[in-house]
1. Here is a list: 30, 26. Which entry is more than 22 Å from residue 108 (Cα to Cα) and either at pLDDT 90 or above or not hydroxyl-bearing (Ser, Thr, Tyr) (or both)?
2. Can you name the number of the only condition in (1) acidic (Asp, Glu); (2) under 16 Å from residue 3 (Cα atoms); (3) assigned to a strand (DSSP E or B) that residue 95 fails?
3. What pairs can you find where one residue is in the stretch 7-31 and over 22 Å from residue 55 (Cα atoms), the other is hydroxyl-bearing (Ser, Thr, Tyr), and their Cβ atoms are less than 9 Å apart, with a gap of 6+ or different chains?
4. Pick from 83, 78: which is touching a helix residue (DSSP H, G or I) at 6+ places or on another chain (Cβ under 7 Å) and outside any strand (DSSP E or B)?
5. Is it the case that residue 11 is surrounded by 12 or more Cβ atoms within 10 Å (Cβ to Cβ) and among the charged types (D, E, K, R)?
6. For residues in the stretch 66-82 being small (Gly, Ala, Ser) and crowded, with 16+ Cβ neighbours inside 10 Å, which is modelled with the lowest pLDDT?
7. Can you run down the residue pairs with Cβ atoms below 9 Å, 6 or more apart or on separate chains, where the first is in the stretch 37-65 and assigned to a loop (DSSP other than H, G, I, E, B) and modelled with pLDDT of 90 or more and the partner is surrounded by 14 or more Cβ atoms within 10 Å (Cβ to Cβ) and among the charged types (D, E, K, R)?
Amino acid sequence: MAIDAADAAPDDTSGRIDVTMVNRGSTTCSATGFAGVDIKDADNTSNPVERGQAQPRVTTLGPGDAAVFNLAYDIDSTGDSLTSPTDIEVTPPNETHSVTLAWPEGAGAIKGAYTDVQVYPTHTTD
């Protein structure tokens, strides 16, 4: 499975990170529900991300198919953000091994604390 993270903010106030997972295997797999996500900070601490209110669903991926899940937060435009994210540690649904991704360049500052970020369930990109 290949995984990457990208800034997908729709505007200047709503932050969104899309984490895309691509099935690089030769067989069909599924991802059900929420990924486990921790945000690592510049001081090397780690903070878990809470689940959003959306209902989890089964996402079936054939070889080469992609699924995405989102991190959502409000953007701090004051310059006084309490956070300094450097990495996103992701444990995909139904997996036990995590992958560390760089915090996407250009992503807006998080308003509040890491507890104000929410992760949403995996879904197909179609």
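The values are calculated or read from the model by the stated rules, or taken from the named source; none is laboratory data. Values in this document were obtained by computation on a predicted structure and should not be read as measured data. Note that each Cβ is placed from the backbone with ideal geometry, even for glycine, and that neighbours are counted across all protein chains shown.
1. 26
2. Against the list (1) acidic (Asp, Glu); (2) under 16 Å from residue 3 (Cα atoms); (3) assigned to a strand (DSSP E or B), residue 95 comes up short only on (3).
3. From the stretch 7-31, the pairs are 12/77; 13/77; 28/60.
4. 83
5. On the way: surrounded by 12 or more Cβ atoms within 10 Å (Cβ to Cβ): no; among the charged types (D, E, K, R): yes.
Spelling it out, it is not the case that residue 11 is surrounded by 12 or more Cβ atoms within 10 Å (Cβ to Cβ) and among the charged types (D, E, K, R).
6. Among those that are small (Gly, Ala, Ser) and crowded, with 16+ Cβ neighbours inside 10 Å, it is 81.
7. Qualifying pairs under 9 Å: 49/38.
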